[in-house]
Amino acid sequence: MPEPKILAALGLTPIWVRRTGPALQTDTVTQAFYPASTLVEEKHVAFNTEAMLVNTEQQPKHESFVDVNSSPISQSNTPVAELDWNTLEERVSHCTRCKLCETRTQTVFGVGDQQADWMFIGEAPGANEDKQGEPFVGQAGKLLDNMLRAIGRARGEGVYISNVIKCRPPGNRDPHPDEIAKCEPYLQRQLALIRPKLIIALGRFAAQSLLKTQASIASLRSRVHEYEGVPVIITYHPAYLLRNMPDKAKAWADLCFAQKTYQEIAS
C-alpha cells in the first residue's frame with residue numbers, strides 16, 4: 001500500500017471499511033470514473049472531494065443523442081430545389097414530411113446513372129423495396145431489367161430508376177394526395193440534377209401523378225406527354241405485366257415508341 005504522504009500528495013486518503021451490511025454507496029464521481037468491478041470488497045479508496053472533484057462548469061457539455069428525424073440535415077431550411085445530390089439523398093433518408101415515415105423500414109431514393117438520358121418512374125416502393133432500399137427488385141424488377149435489355153439498356157447504364165414517392169405505403173395501398181404533394185419536390189430535384197432526355201412512367205398511378213390527370217392508361221399510351229419540361233412516355237407497370245401476360249406486347253410497343261421518340265430528341 002502507498003505511503004500516507006504519497007496519498008496525501010495525490011489528494012487521496014485511505015479509508016478502511018468493514019462490510020457488515022449492504023454494499024457501499026459510492027458517490028457519483030467515483031461511479032463515473034471507476035467501474036464497480038474495480039472496487040475492493042474490504043477496503044475502498046475514496047476521492048478527496050476538495051482536491052479531486054471535477055469542476056463541471058469548466059468542462060464542455062456533451063450533446064445528448066437525438067432522433068435521426070431531428071438531424072440538422074432533416075431540419076435544414078435550405079430549399080429542396082437548392083440541394084446537391086448527396087444532401088438531397090440524406091434529406092430524403094431523414095424525411096418526416098408525411099406519416100409514411102412512421103411505417104417505413106427505410107426510404108427508397110432511387111438507383112442508377114446520375115447522368116442518365118432515360119428515367120423510369122414507378123408508383124411507390126413495395127415490401128421488397130422497403131427492405132432493400134432499392135426500387136424495382138423481386139420479380140417485377142427482373143422483368144424491368146429484361147425490358148431494359150430488350151432495348152439495349154441496363155440498370156445503372158444510361159438509366160435511372162425511381163418512384164413518385166420514396167416510402168412504402170402500408171399494405172401497398174395507393175399513396176394519398178398529401179403524401180404525393182409532400183414527396184414530389186424530391187422527385188423534381190432528382191430530375192433537375194439528372195436532366196434526363198426522356199421519362200418512362202410505369203403504370204397508371206405514376207402516369208396520373210406526373211400528368212395530374214385521371215385519364216386511363218389506355219388513353220395515355222402511344223402519345224408524348226411532358227413533366228417538368230421532359231418528354232414522357234406511358235407504359236404498364238412490370239408488376240401489372242406479371243399478372244397480365246398478353247399486355248407484354250403492348251409494353252414492347254411502348255418501348256419501341258420510346259426509342260423512336262428518344263432518337264428524334266437526340267438528333
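The values are calculated or read from the model by the stated rules, or taken from the named source; none is laboratory data. Only a predicted model underlies this, so the values are computations on that prediction, with no experimental measurement involved. Ideal geometry is used to build each Cβ from the backbone, glycine not excepted, and the neighbour counts take in all protein chains shown. The protein model used for the area step is the full one, side chains on, heavy atoms only, and it has no ligands, DNA or RNA in it. Shrake-Rupley method; radii C 1.70, N 1.55, O 1.52, S 1.80 Å.
If ligands, DNA and RNA are left out, what is the accessible area of GLU228 with a 1.4 Å probe, given in Å² to the nearest 10?
Accessible area, nearest 10 Å²: 110 Å².
So how do LEU187, LEU242 rank on accessible area, 1.4 Å probe, biggest first, that is with the largest at the start?
Sorted descending by solvent-accessible area, the residues read LEU242, LEU187.
Ignoring ligands, DNA and RNA, please state the percent of accessible area on segment 155-257 from carbon and sulfur, probe 1.4 Å.
54
Tell me the label-point distance for the pair ALA215, LYS260, using the 7 Å Cα-to-Cβ offset, in nm and rounded to one decimal.
Each label point lies 7 Å from its Cα, and together they span 1.8 nm.
Per-residue accessible area for ASP247 at 1.4 Å probe radius, Å² rounded to 10?
Looks like 20 Å² after rounding.
Ordering SER209, SER222 by how much accessible area each has at a 1.4 Å probe, largest first, what is the list?
SER222, SER209
Excluding SER209 itself, what net charge comes from residues whose Cβ is under 10 Å from its Cβ, given Lys and Arg +1 and Asp and Glu -1?
Charge balance near SER209 sits at -1.
Past 25 Å, Cα to Cα, is the threshold; run LYS99/LYS250; LYS99/LYS131; LYS197/LYS250; LYS142/LYS212; LYS142/LYS166; LYS131/LYS250 against it and keep the listed order.
Over 25 Å Cα-Cα: LYS99/LYS250; LYS142/LYS212; LYS131/LYS250.
If amide hydrogens are placed 1.01 Å from N in the peptide plane, which non-local residues have theirs closer than 5 Å to the one on HIS237?
Under 5 Å from the amide H of HIS237: GLY203, ARG204.
Please state the relative contact order of segment 202-267 as a whole percent: Cα pairs under 8 Å, 6+ residues apart? Please report the intermediate quantities before stating the final value.
Working: 54 pairs, mean separation 19.2, N = 66.
Value for segment 202-267: 29 percent.
Please calculate how many Å² of accessible area segment 113-267 carries per residue, with a 1.4 Å probe and no DNA, RNA or ligand atoms counted.
Result: 45 Å² of accessible area for each residue.
In nm, to one decimal, how far is the modelled label at GLU226 from the one at ALA81, with both set 7 Å along Cα→Cβ?
So the two model labels end up 1.8 nm from each other.
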